[in-house]
Amino acid sequence: MSFKEVNNLRKAGRLDDALKLAELDLRGEQSHWTYSALFWVLRDFCSQYIAQNQDQYAQNVILRMESVVDFISDYDGVAHKALLSLKRHTTPLWQEVNDLVELSKNGQEESAYTQICELNKLSPLLHEDFGWIIYRYLKKCYESCGSLNARRALHTYLQLGNSRPSELHSCILNISIKISEKYSDFKFLSFLKIWDVKNFTNKDLDRNCMELFDPDNNIKENCLAERCIEHCFKLGYSIDEIKATFMLNKEILEDDILFASSRFYFFYINKCKSEEEKFYEETDNYLTLIDGFSVINEYHSKILTLFLWKLPEDKADLSVLSINKWGLNNFRNEDWQREQKEERVFPSLVEKVIKHYFAGLKCGSFRNIVPAFETLLEKACEKYDDDQLDRNLAILMLAKGDKEKALSIYRSLLLNLNRFYVWKELAEATDDIELKVSAYCKAIVSEPKDEFLGDIHLALSKLMIDDGLFPEAKRELQTYADTYHSNGWRLKDEFLSLNSRIPNDVVITDSNLSFYNSHMASAEDFVYSDINWTTMFIADIYVQKDGDKQIKKVKLTSAEGLSIAIKFKKLASSNNYIGKCYDVKIHSKENRKEIVLIKESSSNINQLLSPVVCYVDYHNKEKKCYHLVSENHKELLLSHGPVKLSEGTFCRCYEVPELKEDTRDDYVYLDRDLLSIPKKAKPSKAIFCDLIEESEVLPSIESSRHMPI
């Protein structure tokens, strides 16, 4: 017979027949199915005996069921639960307890609790029911029953022998949180130790398992273990106390405890942000609590972000102490990322921290620089293209006494940032007087607005006075005074002190421009010494429109074909013409090349290029240029010339070289199966050299006049 046939007989109420068939099957085969068929038939018999108050018969059947149940594949525990339920029904006082359970479910929680406490020698099989009666009583009455009664009820529960971990055991812990919030004399952590953190269920520990606790507002709360940890922080327990208790459960790690502390304090601190004094007090409480721990999580970063957002500029010194407590090694990868909203890019948390921390160090005259901040700043300099970070690092190195590294940073900075304030900082960083003077000169020349140069004029005048250059020093001081007077600013005491050191009979210079130009070499050599000089010639002079403005520019080209355009006014001489040579230093940054130094060259264009004989093919009057054909049959365009050329004549020219990129665009493709042919080369530009007589032209060259273009 099969399990299905026995089960059908059982459901039809034919228990005797079902029992006979089940026992017959079991004698023939001992399997999960035969034991299971017999078990459920016995369960129905036992239920029938209990309903008829035949407890002895029921007990006998239960004994038989106990001998069978372990041979069943009871994965979900249904069979064992059924057996336990039957055993409870045959236990003394079961009916009384069951009635009290129903009483507690129907709004009589306190009466049910009082009555069950009066029952003596209650079987452990009924302790689960007793526990639920205690829970319902506490849930309804914990606020009104008083601390003593609430604690007594919890103590009574802890003495029970019900199964743990369980849903009931977790519910008792949950209500104990509310009791500790109501009564300050309730020692929550002590209770938790007896409750035993090893009794958390998987659901209690699952951070992703959120429980709905406010259906009306659709609010969810965290898992029970996290709520307990956060509650301990709320009650003022230390991290060490909380760790000692919760980490007895191997599933709870230090990071879990620190995460819970950060989240609890973030929401608490956020609520206090409108109360300045309390905000700083609670933030400091949190930072003191976690000081020395490795705390890397979302809420830890949010607390620091909120703190820096609230921190006013006049409390910059507070940032150093607070950030040190927060931990300079506690940044997440996300904290390094900048945030973009629409078209605006906002600094990352790391950048904000560096800004506030550096300002705090500056307020404290850079005392007690911790290695972690130096490491953080160096890493930020590598990650972000932000010159201010490099400047901060250089200043930090100076404060540490590492001038060599600071000067190295300024050298690198000035290659890409030719700004007066960086030259000023270089001057302040070096002990070399010549370099110091030179850097101040570069600063003044680099900034057209004199309103920004007050301190630089004072510093340079002091160096001039020390060197006995009184006329030049007087000019610096006069420039300073004129600027300050025109802006209505008060002169600094240093100005009066320096002015008093200059003899009264000193005649002021008209301008210090020649002094600046003659003293810039030292600073330029310091920054650009590793860059070789390159000779370039003027290949073109043109006017570029920039809105309503017209900017005169020159195009400089090297013998290798490298071309760079600069403003005309940057050339050292006003006597400029096509073909004139300059020596330059070129700095490459990413894909851009920039001339950082330029001076007139002693070289001539004929030392860079060899002239070629050209035939004047025709004059394009519309484009104002001549079309030439060179002796090697190449087409050239001449747009600048000192003399008017006639068609059919010959001249010598310099072909302006161009950098050639090897691209497939140089070819025309006729068909995928046919060979490609080169495109017709674009005409090169030419620079006029001189006219030549036709008699000087070789016959082979003269044939160029008949060459098709």
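The values are calculated or read from the model by the stated rules, or taken from the named source; none is laboratory data. Computed from a prediction, not measured in an experiment: that's the story for all the values here. So basically every Cβ, Gly included, is an ideal-geometry build from the backbone, and we count neighbours across all protein chains shown. Areas reflect the complete protein model, heavy atoms only, side chains present, ligands, DNA and RNA absent. Shrake-Rupley method; radii C 1.70, N 1.55, O 1.52, S 1.80 Å.
Among 623/682; 315/379; 623/644, which pairs are too far apart, with a Cα-Cα distance over 18 Å? Kindly include the intermediate steps, with their values, before the conclusion.
On the way: 623/682 16 Å; 315/379 26 Å; 623/644 15 Å.
Flagged as over cut-off: 315/379.
HN-Hα J couplings of region 341-347 from phi, Karplus 6.51/-1.76/1.60, θ = phi - 60°, integer Hz, Gly and Pro as x?
Result, rounded to whole Hz: 10, 6, 9, 9, 10, 9, x.
Roughly how tilted is helix 78-89, in degrees to the nearest 10 and between 0 and 90, from the longest Cα axis of the chain?
40
Name the residues whose placed amide hydrogens come within less than 5 Å of the amide hydrogen of residue 692, ignoring near sequence neighbours (fewer than 5 apart) on the same chain.
Amide H neighbours of residue 692, under 5 Å, 5+ apart: 650, 651, 652.
What ranking of 155, 89 comes out by heavy-atom accessible area, probe 1.4 Å, highest first? Spell out each step's value before the answer.
Details: 155 110, 89 60 Å².
Final ranking, largest accessible area leading: 155, 89.
Could you put 568, 267, 233 in order of accessible surface area, largest first, with the 1.4 Å probe and the full protein assembly present?
Working: 568 40, 267 100, 233 5 Å².
Descending order: 267, 568, 233.
Name the residue farthest towards the positive end of the dipole of the chain from the options 611, 119, 579, assuming +1 on Cβ of Lys and Arg, -1 on Cβ of Asp and Glu, about the Cα centre.
119
With +1 on each Lys and Arg Cβ and -1 on each Asp and Glu Cβ, how big is the dipole of region 227-343 about its Cα centre, in debye rounded to the nearest 20?
300
Placing +1 on the Cβ of each Lys and Arg and -1 on the Cβ of each Asp and Glu in region 215-370, which of 253, 304, 267 has its Cα farthest towards the positive end of the resulting dipole?
304
Give the residue from 394, 541, 22 lying farthest towards the positive end of the charge dipole for the chain; charges sit on Cβ (+1 for Lys and Arg, -1 for Asp and Glu) and the dipole is referred to the Cα centre.
Going by the charge dipole, the pick is 22.
So what's region 512-656 giving for Rg/Rh, alpha carbon basis, Kirkwood Rh from the mean inverse pair distance? Present the calculation step by step, with values, prior to reporting the outcome.
Details: Rg = 17.9 Å, Rh = 17.4 Å.
My calculation puts Rg/Rh at 1.03.
For every other residue with a beta carbon closer than 12 angstrom to the beta carbon of residue 464, add +1 if it is Lys or Arg and -1 if Asp or Glu, then tell me the sum.
On the way: positive: 436, 462, 474, 475, 501; negative: 466, 467, 472, 476.
Summing Lys/Arg as +1 and Asp/Glu as -1 gives +1.
In whole Å, what are the extents of the chain along the principal axes defined by its C-alpha atoms, from largest to smallest?
Principal-axis extents of the Cα atoms in the chain, largest first: 142, 88, 42 Å.
What does the convex hull of the alpha-carbon atoms of region 117-184 project to on average, in nm²?
On the way: hull surface 17.7 nm².
Its Cα hull, projected and averaged over all orientations, spans 4.4 nm².
Mind checking the per residue accessible area of region 534-651 for me, 1.4 Å probe, whole number of Å²? Can you show the working numbers first?
On the way: 6770 Å² over 118 residues.
Computed with neighbouring chains in place, this is 57 Å² per residue.
Ignoring ligands, DNA and RNA, what percent of the 1.4 Å accessible area of the chain is carbon and sulfur? Please list the in-between numbers first.
Details: 18850 of 40000 Å².
Carbon-and-sulfur percentage of accessible area, whole number: 47.
At 7 Å along Cα-to-Cβ for each site, give me the label-to-label distance between residue 387 and residue 544 in nm.
Distance between the two pseudo-spin positions: 1.9 nm.
Under 5 Å between amide H atoms, partner at least 5 residues away or on a different chain: which partners does residue 293 have, H built in plane at 1.01 Å?
Residues meeting the criterion, in which the H sits 1.01 Å from N, do not exist here.
Classify region 373-449 from the C-alpha gyration tensor, please: rounded if a/c falls under 1.5, else prolate or oblate depending on whether a/b exceeds b/c.
Working: a/c = 2.71, a/b = 1.43, b/c = 1.89.
Note, shape of region 373-449 comes out oblate.
Check which residues have an amide H placed less than 5 Å from residue 540's amide H, if you skip close sequence neighbours.
When sequence neighbours closer than 5 places are left aside, the close amide H contacts are 555.
Using the Cβ atoms and a cut-off under 15 Å, what net charge is assigned to the surroundings of residue 241, where Lys and Arg are +1 and Asp and Glu are -1?
Working: positive: 187, 193, 234, 243; negative: 230, 240, 254.
Once all neighbours under 15 Å are counted, the net charge is +1.
For the peptides 110-118, 234-242, what is the packing order when you average, over each peptide's residues, the other Cβ atoms within 10 Å and list the highest mean first? List each step's numbers first, then the result.
Numbers: 110-118: 16.9, 234-242: 14.7.
My ranking of the peptides, most packed first, is 110-118, 234-242.
Please list 187, 621, 243, 442 in order of solvent-accessible area, largest first, computed with a 1.4 Å probe with all protein chains present.
Numbers: 187 120, 621 160, 243 45, 442 20 Å².
Listed by decreasing accessible area, they come as 621, 187, 243, 442.
Considering every Cα-Cα pair within region 1-77, what fraction, in whole percent, is farther apart than 14 Å? Working shown, then result.
On the way: 1728 of 2926 pairs.
Result: 59 percent of Cα pairs exceed 14 Å.
Could you go through region 225-238 in sequence order and give the Karplus-derived ³J(HN,Hα) for each residue, using 6.51 cos²θ - 1.76 cosθ + 1.60 with θ = phi - 60°, rounded to whole Hz, and x for Gly and Pro?
Coupling constants for region 225-238: 4, 5, 5, 5, 4, 4, 5, 5, 5, 4, 7, x, 6, 7 Hz.
Please give the contour-minus-distance gain from residue 305 to residue 270: 0.36 nm per residue of separation, less the Cα-Cα distance, rounded to one decimal in nm.
Working: separation 35, 0.36 × 35 = 12.60 nm, distance 1.10 nm.
Here the segment from residue 305 to residue 270 would lengthen by 11.5 nm.
For labels at residue 411 and residue 623 in the simple 7 Å Cα→Cβ model, what's the distance in nm?
Result for the modelled spin labels: 4.8 nm.
Net charge around residue 179, counting only other residues with Cβ within less than 12 Å of its Cβ (Lys, Arg = +1; Asp, Glu = -1)? Walk me through the numbers on the way to the answer.
On the way: positive: 139, 151, 152, 178, 182, 187; negative: 143, 181, 185.
Counting the neighbours of residue 179, the net charge comes to +3.
Against the longest alpha carbon principal axis of the chain, how many degrees, from 0 to 90 and to the nearest 10, is the axis of helix 403-416 turned?
70
Compute, for region 462-607, the length of the dipole vector about the Cα centre, with Cβ point charges of +1 (Lys, Arg) and -1 (Asp, Glu) only. Units Debye, rounded to 20.
660
Report, in degrees rounded to the nearest 10, the 0 to 90 angle that the Cα long axis of helix 454-466 makes with the longest principal axis of the chain.
60
Of all the Cα-Cα pairs you can form in region 387-515, what percent are over 24 Å apart? Walk me through the numbers before you get to the answer.
Values: 2638 of 8256 pairs.
Percentage above 24 Å: 32.
Quick check: residue separation of residue 604 and residue 508 times 0.36 nm, minus the Cα distance between them. What number comes out in nm?
Values: separation 96, 0.36 × 96 = 34.56 nm, distance 4.03 nm.
So the extension gain works out to 30.5 nm.
Relative to the Cα centre, what is the charge dipole magnitude of the chain, using +1 at the beta carbon of each Lys and Arg, -1 at the beta carbon of each Asp and Glu, and rounding to the nearest 20 debye?
Working: 93 positive and 112 negative charges, 144 e Å.
Its charge dipole is roughly 700 debye.
In straight Cα distance, which aspartates and glutamates are under 19 Å from residue 474, not counting same-chain residues fewer than 8 positions off?
Excluding near neighbours in sequence, the set is 450, 451, 455, 466, 482, 493, 494, 505, 510.
Any chance you could run the full-extension gain for residue 346 through residue 553? It's 0.36 nm times the residue separation minus the Cα-Cα distance, nm to one decimal.
On the way: separation 207, 0.36 × 207 = 74.52 nm, distance 3.66 nm.
Here the segment from residue 346 to residue 553 would lengthen by 70.9 nm.
Quick one: accessible area per residue over region 374-523, 1.4 Å probe, rounded to a whole number of Å²?
On the way: 7450 Å² over 150 residues.
Per-residue value: 50 Å².
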